[in-house]
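**Student:** Here it is, the structure in full.
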Amino acid sequence: MKVERLAIPDVILVTPPRFGDNRGFFSETYNLHRMTEAGINATFVQDNQSLSRQKGVVRGLHCQLAPYEQGKLVRCSRGAIWDVAVDARTGSPTYGQWVAAELSEENWSQLWLPPGFLHGFVTLTENAEVQYKCTNLYDKASERAVIWNSPELKIDWPVAPEEAILSDKDKIAPDFAAAAGWFAYE
């Protein structure tokens, strides 16, 4: 398994190997022992899956507050996405900074975001299918969002604002300033 720490070292890009032949391929996409060796010490309790039919769909930036904060291991098994992690941990040396990685069926990479990070992505292809493992259960009352193009964050999204396809809820999310105090850096 290839392991790469990104500019925010708590965010890890992992790429499991694929073994192919004339029938297709096999890949072990999750192995507790290998993930622990990679620095991902998480117990996952929920798996989620989404399908975005159009290119330019933006989902996020989302998180959940304590006691339901979530770490996520994200992968794209069909199509491609540009996946973003924003450090929302007050007191962190990287607070308000973001990192991103392309996840696709071609590169087979997965992105680990620990609790305390906002998560979002934009689809780079039609019919992008995304799966992610979560370290905590979904809790509607704990759900929070920040607007995807918050001026404080200066995220260099690969989609023009007028081309972004958003849910009604994501269209009215607040700027990053609203996230102050949501998480603490430990």
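**Student:** Just a yes or no: is a residue in segment 149-165 under 22 Å from Pro9 (Cα atoms), buried (at least 19 other Cβ atoms within 10 Å of the Cβ), touching a Leu at 6+ places or on another chain (Cβ under 6 Å) and not acidic (Asp, Glu)?
**Tutor:** No, that holds for no residue.
**Student:** Something else: Scan segment 41-56 and give yes if some residue there is free of Cβ contacts under 8 Å to residues at least 60 places away in the same chain and not aromatic (Phe, Trp, Tyr), otherwise no.
**Tutor:** Scanning segment 41-56, I find at least one residue that is free of Cβ contacts under 8 Å to residues at least 60 places away in the same chain and not aromatic (Phe, Trp, Tyr), so the answer is yes.
**Student:** Right, next: Just to verify a result, which residue in segment 119-133, among those that are farther than 27 Å from Phe183 by Cα and crowded, with 24+ Cβ neighbours inside 10 Å, is nearest to the chain's Cα centre (by Cα)? Before you say what the answer is, go through the steps one by one.
**Tutor:** Restricting attention to segment 119-133, the residues satisfying the condition of being farther than 27 Å from Phe183 by Cα are 123-129.
Okay, now just the ones that are also crowded, with 24+ Cβ neighbours inside 10 Å, so 123, 128.
Details: Thr123: 12, Ala128: 14 Å.
Among them, the one singled out is Thr123.
**Student:** Now a separate question. Which condition from (1) over 22 Å from Tyr185 (Cα atoms); (2) touching a helix residue (DSSP H, G or I) at 6+ places or on another chain (Cβ under 7 Å); (3) open to solvent by 30 Å² or more (accessible area, probe 1.4 Å) is the one that Tyr68 breaks?
**Tutor:** Just one mismatch for Tyr68, condition (1).
**Student:** Separate question: Taking only segment 13-62 into account, find how many residues are open to solvent by 40 Å² or more (accessible area, probe 1.4 Å), aliphatic (A, V, I, L, M) and in a strand (DSSP E or B).
**Tutor:** Selection size over segment 13-62: 1.
**Student:** Residues of segment 81-91 being under 22 Å from Glu126 (Cα atoms) and open to solvent by 10 Å² or more (accessible area, probe 1.4 Å), which ones?
**Tutor:** Of everything in segment 81-91, just one residue is under 22 Å from Glu126 (Cα atoms) and open to solvent by 10 Å² or more (accessible area, probe 1.4 Å), namely Trp82.
**Student:** In segment 116-140, what residues are touching a Phe, Trp or Tyr at 6+ places or on another chain (Cβ under 7 Å) and either without any contact (Cβ under 8 Å) to a residue 40 or more places away in the chain or not β-branched (Val, Ile, Thr) (or both)?
**Tutor:** Gly116, Gly120, Phe121, Leu124, Lys133, Cys134, Asn136, Leu137, Asp139
**Student:** Please specify each residue of segment 1-30 satisfying the condition of being over 16 Å from Asp83 (Cα atoms) and touching a helix residue (DSSP H, G or I) at 6+ places or on another chain (Cβ under 9 Å).
**Tutor:** Met1, Val3, Pro16, Glu28
**Student:** Might you let me know whether segment 2-11 holds any residue that is touching a Leu at 6+ places or on another chain (Cβ under 8 Å), part of a strand (DSSP E or B), closer than 27 Å to Gly96 by Cα and open to solvent by less than 90 Å² (accessible area, probe 1.4 Å)?
**Tutor:** So far as segment 2-11 goes, yes, one or more of its residues are touching a Leu at 6+ places or on another chain (Cβ under 8 Å), part of a strand (DSSP E or B), closer than 27 Å to Gly96 by Cα and open to solvent by less than 90 Å² (accessible area, probe 1.4 Å).
The values are calculated or read from the model by the stated rules, or taken from the named source; none is laboratory data. All values derive from a computational prediction rather than experimental measurement. Quick reminder, even Gly has a Cβ in these numbers, built from the backbone with ideal geometry, and neighbours come from all protein chains shown. All accessible areas refer to the heavy atoms of the entire protein, side chains included, with ligands and DNA or RNA removed. Shrake-Rupley method; radii C 1.70, N 1.55, O 1.52, S 1.80 Å.
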